[in-house]
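The values are calculated or read from the model by the stated rules, or taken from the named source; none is laboratory data. None of the values given here were measured: they were computed from a predicted structure. Backbone-built Cβ (ideal geometry, glycine too); neighbour counts: all protein chains shown. These accessible areas exclude ligands, DNA and RNA; they are computed on the full protein's heavy atoms, side chains included. Shrake-Rupley method; radii C 1.70, N 1.55, O 1.52, S 1.80 Å.
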Amino acid sequence: MRFLSLVILSLLSGTSLLSAQTKQTIRGVVTDIDSKAPIPGVVIMIVDSNPALGTTTDANGQYSIAGVPTGRYTLKVTSVGYEEIMSTNALVVAGKQLELNFEMKESLIALKEVVVTTDGDKTELNNDLTTVSGRTFNTEETSRFAGGRNDVSRMAQNFAGVSNVNDARNDIVIRGNSPAGLLWRLNGIDIPSPNHFSSFGSTGGPVSMLNNNTLTKSDFITAAFPATYGNAVGGVFDLQMRNGNNLKREYLGQIGFNGLEFGAEGPIKKGKEATFMVNYRYSTLGIFKAMGLNFGTGTAIPNYQDLSFKINVPTEKAGKFSIFGIGGMSDISFKGSETDFSKSTSNLYGDENSDLYNKTKMGVIGVSHSYVFSPKTSYKLTLASSGAQTIINIDSLNWSNASPPKLISITNYFNQSFTQLQQSAHLVVNHKFSAADMFVAGVMVNAYNASFGDSIIRQTPAHINYWRSISKGKGNSALLQEYFNWQHRFSENLTMNLGVHAQHFSLGKASALEPRAGLKYQLNAKQSLSIGAGIHNQIQALPVYYIKTYEGLNNSNQDLGFTRSKHVAIAYDYNFSRDYRLKLESYYQSIDRAPIEQTSSPFSMLNAGSDFAIPDKFNLVNKGVGRNYGMELTLEKFYSQQYYFLLTSSLFKSEYKGSDNLWRSTAFDGGYIVNLLGGKEWKVGSKDRTLGFSLKLTTAGGRRYTPIDYAASVSLGQITYKTSEAFSQQYPAYFRADVRLTYRVNKGRMTMEWALDVQNVTNHQNIFMQNFDVRTGNVMNQYQLGIFPVPQFRILF
């Protein structure tokens, strides 16, 4: 009721409330980046504030700066014996306190307050063991960038080395790797794909289940990641959920493409440190469909809902317990039986010859305990349970040859079910020997239970229908990982990271030892060189191991080992001005032991993970190879003086060999991608109102595809491909332009934001795929999303 009353009041008053108060609080915690111990006595000042605004941290490393006018600020963080931090682009709004947590690096220059000539590294990661190919981001960027849809995956697609020319999904294709090579980690635990309508063996989906309003600063790594990460060959998305406000209750309401959302956070009990945060979201795409908007699903309406929460309970001593979770369910029905043959509709998933029903579920719940034993040593233990399920049912449609066609019969002919459960434990210990040396060690266990099966209807010679199992399987397995990482700072300018990661998988008794190394040299205050290398291994999607033929043959893939990848990357960084950064990076990735068929064919698991199906191949062996190499450029102006821009460009090659021993382009070998995005804000009428505009332009090599064998398709009455020419063809270059307009009002204790994100504003026709129409015998192009306006309203109070 309070939320509805505030919205009505804002509309009746022309977005002006009775109170004129437009100030807010900045709060947070400052800790040692190596030991994770709180740092007391740290000075936090708002740069150029008049009168001066600032404070110091208490014994628990906490701070709070009250009475900060709304706007964007730079904060300066200093402490004796630590390197200075400059945090820019801190957005203060009236409706919500701003939480800024800082991790400080101890200086090698003892007992001095270090003075730096630059404004700090605005791209420094949470995990400072990362030497190359890493990028940090904050959730404010997910809502500021045009085309982002408040989705961290779509935001990451703006970074160098990342490509995805599929508007319908948020897959993260890193340097030509399959999206399946990405590791999702949440609060220290490896999790299944956190997306609605996702599928086993993939890491993306049409709609993200991650709520950007619940996340804090997180890391994205694209190569040679440190020893703390395993079971991935492509990259790492290391996400952190924030804590609720420990000072006051706050609320959120939002409606847009991602759904109708409500959120609340604050202290569980007033005056106590224990906090809660919860956000619930329910899909609103039915409303958008009624408005005539097309999002590539024909007449089908995606339904989904998700919940995110975190409870944080500090203990009397230097420890805390946290309980966290995300979960969601989704369903959609593609009904070819409702096809209107008088209209042309864009349906990226269904067709007129079938009715398809899809249901998915995913959930994670975990509990963690962390404790700081001393200013040099801390530990964290996290236990979690997660699961995912997909159910698909397909009915075959029989149409007449009349014009327009008449539906004669509907027959259920295909059913599929996948379920995976996972129990996880992760123990990590941090110890700082000195300002020059720190050590991280940990062990992680993931125990899996998988079951799946699919069946299709067939006819006997007497034309009697019966169900035949295509493939099925179930079983238990476990993945054990151990790691340690040592960081040594030879000087203020030279840092080395050395580590070893080991993993053991119960199926096939697979084991791997993976050395990792990185070296960074600060040439001067503005320039640096970095190099990183490592070996990385990954298990296959679990159904691949347990798959059985309908004849009931043995589990022919259970002896499969890891897919192995060897990374090397070198980077040059040049922060040539206070808010400008240039980065050049080159890399080479060699892949071996990829599963391929024993008989001669172009198949390789390196091409799996980009759609909704797991390859149902048998008798696979770890003899496939691949390679990815390329160069990347990033030119960035960080937000200052009310504007920003980001230019990223990647030239790359992605190739593989199957059992036919021929080098081919992978399904992800687009060749190049260029992103240019930027934005500006203006004060409108008063300092309480802000108008924003952002633009994003993307061009990239088109999707790779295998050509259709037209003669065989006509003869067999179903789509058939020229498999000997796998991924030999490429659709025309992809191009998309997105624009975003925002209007933000701060009044009293409330912030309201209106946004209109128009995606593919030029209505450019990008080809999604080619399809064969069995009824007409024609090969047709299916196109991706046309112009797609996405309105949004958000209120914070």
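Looking only at the stretch 82-101, count how many residues are in contact (Cβ under 8 Å) with a residue 40 or more places away in the chain and part of a loop (DSSP other than H, G, I, E, B).
5
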Criterion first (touching a residue at least 24 places away in the same chain (Cβ under 8 Å), in contact with a Gly (Cβ under 6 Å, 6 or more places away or on another chain) and open to solvent by 10 Å² or more (accessible area, probe 1.4 Å)) does A541 satisfy it?
yes
For the subset of the stretch 669-710 comprising residues that are of a type in the set (D, E) and in contact with a Phe, Trp or Tyr (Cβ under 9 Å, 6 or more places away or on another chain), which member is least open to solvent (accessible area, probe 1.4 Å)?
D669
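Residue-by-condition table, conditions (1) buried (at least 18 other Cβ atoms within 10 Å of the Cβ); (2) modelled with pLDDT under 90; (3) hydrophobic (A, V, I, L, M, F, W, C); (4) assigned to a strand (DSSP E or B):
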residue	(1), (2), (3), (4)
V364	yes, no, yes, yes
S370	yes, no, no, yes
G387	no, no, no, yes
P405	no, yes, no, no
S409	no, yes, no, yes
N412	no, yes, no, yes
Scan of the stretch 153-173 for residues that are of a type in the set (A, V, I, L, M) and under 20 Å from L676 (Cβ atoms), ordered by number:
M155, A156, A160, V162, V165, I172, V173
Of everything in the stretch 122-149, what is closer than 17 Å to N575 by Cβ and of a type in the set (A, V, I, L, M)? Give them in sequence order.
L125, V132
Looking only at the stretch 457-489, which residues are under 29 Å from the mean Cα position of the chain (by Cα) and open to solvent by 70 Å² or more (accessible area, probe 1.4 Å)?
K474, N476, F484, W486
Right, E492: open to solvent by 20 Å² or more (accessible area, probe 1.4 Å) and assigned to a loop (DSSP other than H, G, I, E, B) or not?
yes
Residues that are open to solvent by 70 Å² or more (accessible area, probe 1.4 Å) and among the basic types (K, R), drawn from the stretch 49-78:
K76
On the given criteria, is Y721 among the hydroxyl-bearing types (S, T, Y) and open to solvent by 20 Å² or more (accessible area, probe 1.4 Å)?
yes
For the stretch 302-322, which residues satisfy the criterion of being more than 23 Å from Q389 (Cβ to Cβ) and either at pLDDT 85 or above or touching a Lys or Arg at 6+ places or on another chain (Cβ under 8 Å) (or both)?
K310, I311, N312, V313, P314, T315, G319, K320, F321, S322
Any residue in the stretch 43-61 that is among the hydrophobic types (A, V, I, L, M, F, W, C), under 21 Å from D688 (Cα atoms), assigned to a strand (DSSP E or B) and at pLDDT 90 or above?
yes
Note: among S199, S178, S208, just one is open to solvent by less than 20 Å² (accessible area, probe 1.4 Å) and modelled with pLDDT under 90, namely S199
Which of the strands (runs of 3 or more DSSP E) found entirely inside the stretch 738-795 contain at least 2 residues meeting this: open to solvent by less than 60 Å² (accessible area, probe 1.4 Å) and not β-branched (V, I, T)?
750-759, 767-773
Verdict on A435 being over 23 Å from Y546 (Cβ atoms), touching a residue at least 24 places away in the same chain (Cβ under 8 Å) and aliphatic (A, V, I, L, M)
yes
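Condition first: over 21 Å from the mean Cα position of the chain (by Cα), buried (at least 18 other Cβ atoms within 10 Å of the Cβ) and not small (G, A, S). Now tell me which residues in the stretch 656-668 satisfy that.
Step one: of the stretch 656-668, the residues over 21 Å from the mean Cα position of the chain (by Cα) are 656-666.
Add one more test, that the residue is buried (at least 18 other Cβ atoms within 10 Å of the Cβ), and what stays is 656-659, 664-666.
If the condition is that a residue be over 21 Å from the mean Cα position of the chain (by Cα), buried (at least 18 other Cβ atoms within 10 Å of the Cβ) and not small (G, A, S), then Y656, K657, R664, T666 are the ones that fit.
Taking the conditions exactly as written (in contact (Cβ under 8 Å) with a residue 24 or more places away in the chain and over 19 Å from T142 (Cα atoms)), does R175 satisfy them or not?
yes
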Can you find a residue in the stretch 526-533 that is open to solvent by less than 40 Å² (accessible area, probe 1.4 Å), among the charged types (D, E, K, R) and farther than 26 Å from Y656 by Cα?
no
Here is a check on your reading of the model: is L651 in contact (Cβ under 8 Å) with a residue 40 or more places away in the chain and either outside any strand (DSSP E or B) or not charged (D, E, K, R) (or both)?
no
Considering the stretch 594-614, residues that are aliphatic (A, V, I, L, M) and not in a helix (DSSP H, G or I), and then whichever is surrounded by the fewest Cβ atoms within 10 Å (Cβ to Cβ), we arrive at A613
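Going by the structure shown, is Y280 at negative phi, at pLDDT 95 or above and open to solvent by 10 Å² or more (accessible area, probe 1.4 Å)?
Spelling it out, Y280 is indeed at negative phi, at pLDDT 95 or above and open to solvent by 10 Å² or more (accessible area, probe 1.4 Å).
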Just need a number here: residues in the stretch 615-649 that are open to solvent by 40 Å² or more (accessible area, probe 1.4 Å), within 30 Å of F200 (Cα to Cα) and of a type outside the set (K, R).
6
Of residues in the stretch 117-143 being modelled with pLDDT of 80 or more and either touching a helix residue (DSSP H, G or I) at 6+ places or on another chain (Cβ under 6 Å) or of a type in the set (D, E, K, R) (or both), the one farthest from Q589 (Cα to Cα)
D128
Could you list all residues from the stretch 283-301 that are open to solvent by 50 Å² or more (accessible area, probe 1.4 Å) and modelled with pLDDT of 80 or more?
I301
Note on the stretch 133-172: residues part of a strand (DSSP E or B) and open to solvent by less than 10 Å² (accessible area, probe 1.4 Å) are F137, V162
